[in-house]
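Where a number appears in this text, it was derived from the coordinates with a stated rule and is not lab data. For clarity, every value in this text was computed on a predicted model and none was experimentally measured. Cβ atoms come from the backbone with ideal geometry, glycine included; neighbour counts cover every protein chain shown.
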Amino acid sequence: MRTLIGSSALTLALLGATALSALAQDTLKIGYVDPLSGGGASIGQIGMNQLNFIADEINAKGGVNGRKVEIVGYDNQTNPQISLVQVQKAIDEGIQVIVQGNGSSVAVAVSDFVTKYNDRNPGANVVHLNYAAIDPVLTNEKCSYWHFTWDASADIKMEALTNFIKEKEDLKKVYLIAQDYSFGHAVAGAAKRMLTEKRPDVEIVGEEYHPLVKITDFSPYVAKIQASGADTIITGNWGQDLALLIKAAGQAGLDVDWYTFYAGGAGAPTAIKQAGLENRVYQINEGINNQGYGPAEERAGALMQRFSDAPIYYPRMFNMMDMVFKAMVEAGSEDPGDFVPKLEGMKLDSFAAGDEGFMRADDHQFFQPLYISTLGALEEGQKFDEEHTGWGWKMAASVPTESTLLPTKCDMKRP
Amino acid sequence: MLEIIFVSTLNGVLYGMLLFLMASGLTVIFSMMGVLNLAHASFYMLGAFFGFEISRRLGFWPALVLAPVVVGLIGMAVERYGLRRVHRHGHVAELLFTFGLTFVIKEVVEMIWGKLPVDYRVPSGLDFAAFTLFSGNYPAFKLFGLLISVGIFIGLLMAVRHTRVGLIVQAALSHPGMVGMLGHNVDRIFMLVFGVGVGLAAVAGVIAGPILVTQSNMAGLLGPILFVVVVVGGLGSLGGALAASLLIGLVQTFAVAFNVSLADLFGGTAAGAILSVWLADIWRVTVAQIAPILPYLLLVMILIFRPRGLMGTRDT
């Protein structure tokens, strides 16, 4: 009897395993290598939610080329070394499409690794889809055929932001605060360069670099900013480094205007509301929820219904996956070797407002309209608030695609 | 300048007192039981989340009392049914147990509240500026946190100095073996001390939650620094824990405030020209940039020059 039970259990287990692996063969697996624990987890989780949502959308329509899409998360703890281990693991599990975004130091490492891996293993064709790392080296000195980026680079964003700022006449003293790694230095450097060029009268009263996702109490930094007499802060901080900074500033009653890249999520809107900084915090990105564009509102509404605590932080993730799926269908294949050429030069009506953007073949940078917005109490006709604060993003200025074009130093090596 | 010194002092003392609330429990548990409770910061996190959950339903004041009590009870249960059993197998097992506990608590918190920060707000009754100084405000809630922690320190000191339990705890700090031999119920004292210790950490969590951020990685952010406090302060000394907490709070806050680098100190001198070549990598790094590693530098220095800590009473 016992042997009977034992052997049938074994058979069942074997059957289950083969059924599972047969199913796994059918799905198109996409590896998501981003922080799912540690200081970066708050935004890594938002990205994962969005990616899962997009996968479910396409699966409901029958998948890509008849295959269901499955997102597999790999926790990299915002650490370049761990990321490489995770990417290798994903490749070993047969994954060819790696989605990664948070941390330019991580992105540079992943892009390097993927490129070398493809060189050494002809036909491996692993592609790195980058939705958030915007250190300009990724599309210049270190550009790669196997790397695509959907977020505007730090230089592009700063160019647009300083064009907006230079019109502000009451702006006198600027304080730069940044995370102490490649991206933070790129942002602060660009801000300094462009401001001195466009507004020589503006004084830069401070330039601060603090460790990445390690500070819990920003009040010492805020005290220093206060003492400097700054009236404006420019920062590329993201995740908890921005939320905690704004929170500390609010508690100290710091009276400045904020120009940011990433005030859209991970507690930042909550902190802005708590600090009472109505229409004082500007962000530049590729779209906000309250743009009154039907298709976007529909998808954003559905996503926020499912993940009510996590707003849309990455509109570009929709652009990215829409384009990748489109390229796969056009190529009739999910192998990056086949669909990557389709991505080059591809045009797309962008997610947020339906304005056209395109993927430049020279450096694999996606160019798209950018929007500068501020957070404040919802007005008539605005549907979406952020993080249940009752405040929503409101358009302050928009930058058409053609004004975002910057030259590239990329010398792309094609296989 | 005066402004930044004053505000930095206040911030440093507040941060130091929050550290002390946590470190006091940790140091007493460590000295008495020889257990380095790696999960101590996790109880601080539990305090913050319970504080958030209770203040959302019943208000902040009940939360300030209830959350530490609940966390204290959980702590006692952990000691009674977990740590005490593991104790038989030696210190390595205990260390591993508390290490595992950090992951369990983190996962549970993530399952219930998620990975995103929760909206834990300063109670409206305390949401105003206590005073305005130069151009900035000092929030009343921070001042309140400061008072609470000072009050707890005094209360703790009184309890240790003037009650019978305090007497035994004090004795157990310096001669843990002897206390057991004298026939005291050491197990029960351990349980009590563990409960009170993690309860204090929870108080710190309830207060720090609205000031800092309440999310599932908050334990990981503060955990390492706690051990620095305990080692620097010295085993078996509440006074040492207080001194070390304040020292680290002030060092970190003040280091951020100043942009002094080697180039500023020695630049322009003959020696400076040579140094700048040899120390090119750190020549222009400011004190502000290395502020977060200063406590660890202090830890290394103390371990080299005074292994028993600032006010430690015994070496092991």
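Let me make sure I get this right: for region A:166-288, a, b and c are the square roots of the gyration tensor eigenvalues over alpha carbons, sorted descending. Under 1.5 in a/c it's rounded, otherwise prolate if a/b > b/c, else oblate. Which is it?
Values: a/c = 1.32, a/b = 1.27, b/c = 1.04.
Rounded, because the longest to shortest axis ratio a/c is under 1.5.
Two tests apply to each whole DSSP H helix in chain B, Cα reach of 24 Å or more along its axis and mean Kyte-Doolittle hydropathy of at least 1.0, and the ones passing both are B:2-33, B:60-78, B:91-113, B:140-162, B:186-211, B:238-257.
What is the helix-to-structure angle for A:41-60, meaning the angle in degrees between its Cα long axis and the longest Cα principal axis of chain A, kept from 0 to 90 and rounded to the nearest 10? So the inclination is approximately 50 degrees.
When Lys and Arg each count +1 and Asp and Glu each count -1, what net charge do the other residues less than 12 Å away from B:Q252, Cβ to Cβ, add up to?
Here the count lands on 0.
Bridgeable lysines around A:K383 (alpha carbons under 16 Å apart, same-chain partners fewer than 8 residues away excluded): A:K394.
Work out the mean other chain Cβ neighbour count within 10 Å for the residues of B:110-116 and drop it here as an integer. Walk me through the numbers before you get to the answer.
Values: counts 4, 0, 0, 1, 6, 15, 14.
For peptide B:110-116, the averaged partner shielding equals 6.
Using the Kirkwood radius built from alpha carbon pairs, what does the Stokes-Einstein equation give as D for the protein assembly as shown at 25 °C and 0.890 mPa s, in µm² per second? Rounded to a whole number, D works out at 89 µm²/s.
Taking a Cβ cut-off of under 11 Å around A:R67, the surrounding Lys, Arg, Asp and Glu residues balance to a net charge of -1, with basic ones at +1 and acidic ones at -1. For chain B, what class follows from the C-alpha gyration tensor (a ≥ b ≥ c being the square roots of its eigenvalues): rounded when a/c is under 1.5, otherwise prolate if a/b is larger than b/c, else oblate? Oblate is the answer for chain B, as a/c is 1.5 or above yet b/c matches or exceeds a/b.
Under the 0.36 nm per residue contour assumption, what length would be gained going from the current alpha-carbon distance of A:K168 and A:N121 to full extension?
11.6 nm
Against the main long axis of the alpha-carbon atoms of chain A, helix A:315-331 sits at an angle near 40°.
Averaged over the residues of A:206-219, the number of partner chain Cβ atoms lying within 10 Å of the residue Cβ comes to 6. The DSSP beta bridges internal to the protein assembly as shown are antiparallel in roughly 40% of cases.
For chain A, what is the relative contact order in percent, using Cα pairs closer than 8 Å and at least 6 residues apart in sequence?
Over chain A, the number comes to 15 percent.
Under 19 Å of direct C-alpha separation, and excluding same-chain neighbours fewer than eight residues apart, A:K89 reaches these lysines: A:K29, A:K116. Centre-to-centre, using Cα atoms only, region A:335-376 and region B:1-33 are separated by 49 Å. Would region A:247-395 count as rounded, prolate or oblate if I go by the C-alpha gyration tensor, calling it rounded below 1.5 in a/c and otherwise prolate when a/b exceeds b/c, oblate otherwise? In terms of gyration-tensor shape, prolate. Comparing B:L83, B:L297, B:L46 in a Gaussian network model of chain B where C-alpha atoms under 10 Å apart are linked, the largest mean-square fluctuation is found at B:L297. The residues packed around A:E169, meaning those with a beta-carbon under 14 Å from its beta-carbon, carry a net charge of +1 if Lys and Arg are +1 and Asp and Glu are -1.
Applying the criteria of a DSSP loop state and at most 14 other Cβ atoms within 10 Å to the trypsin sites (Lys or Arg not before Pro) of region A:358-415 yields A:K383, A:K409, A:K413.
Look at the alpha carbon pairs under 8 Å that are at least 6 residues apart: their mean separation over the length of region B:2-305 gives a relative contact order of 35 percent. Listed by chain and number, the aspartates and glutamates whose alpha-carbon sits under 20 Å from that of A:K172, ignoring those within fewer than 8 places in the same chain, are A:E159, A:E197, A:D201, A:E203, A:E207, A:E208, A:D231, A:D255, A:D257.
Please identify every one of the trypsin sites (Lys or Arg not before Pro) in region B:70-154 that sits in a loop by DSSP and has no more than 15 other beta carbons within 10 Å of its own beta carbon. Present the calculation step by step, with values, prior to reporting the outcome.
Values: sites: B:R80, B:R84, B:R85, B:R88, B:K106, B:K115, B:R121, B:K142; in loops: B:R88, B:K115, B:R121.
Passing both the DSSP loop test and the Cβ count: B:R88.
Remark: for residue pairs A:K192/A:K413; A:K142/A:K166; A:K68/A:K347; A:K157/A:K409; A:K273/A:K347; A:K166/A:K326, the C-alpha separation exceeds 28 Å in A:K192/A:K413; A:K142/A:K166; A:K273/A:K347; A:K166/A:K326.
Per-residue extension of 0.36 nm, minus the Cα-Cα distance of B:L143 and B:H175, leaves a gain of 7.7 nm for this segment. Taking the DSSP beta bridges with both ends in chain A, the antiparallel portion is around 35 percent. The separation of region A:145-205 from region B:223-260, counted between C-alpha centres, amounts to 36 Å.
Can you give the FRET efficiency to the nearest 0.05 for B:V69 and B:F6, using r as the Cβ-Cβ distance and R₀ = 41 Å? Rounded to the nearest 0.05, the efficiency is 0.70.
Report summary: the helix-based calculation at 222 nm, which adds -39500 (n - 2.57) for every DSSP H run with n ≥ 4 and divides by the residues of chain A, gives -13500 deg cm²/dmol. Projection of the Cα convex hull of chain A, averaged over all directions and equal to a quarter of that hull's surface, yields 22.5 nm². Do you know the relative contact order of region B:1-139, to the nearest whole percent, from alpha carbon pairs under 8 angstrom that are 6+ apart? Relative contact order for region B:1-139 comes out at 22 percent.
Per-residue mean of foreign Cβ neighbours for A:221-231 is 5 (Cβ atoms of other chains, 10 Å radius).
In chain A, which longest range has no GluC sites (Glu not before Pro) that are both DSSP loop (not H, G, I, E or B) and surrounded by at most 12 other Cβ atoms within 10 Å? With GluC sites (Glu not before Pro) excluded where exposed in loops, chain A gives A:170-378 as its longest stretch.
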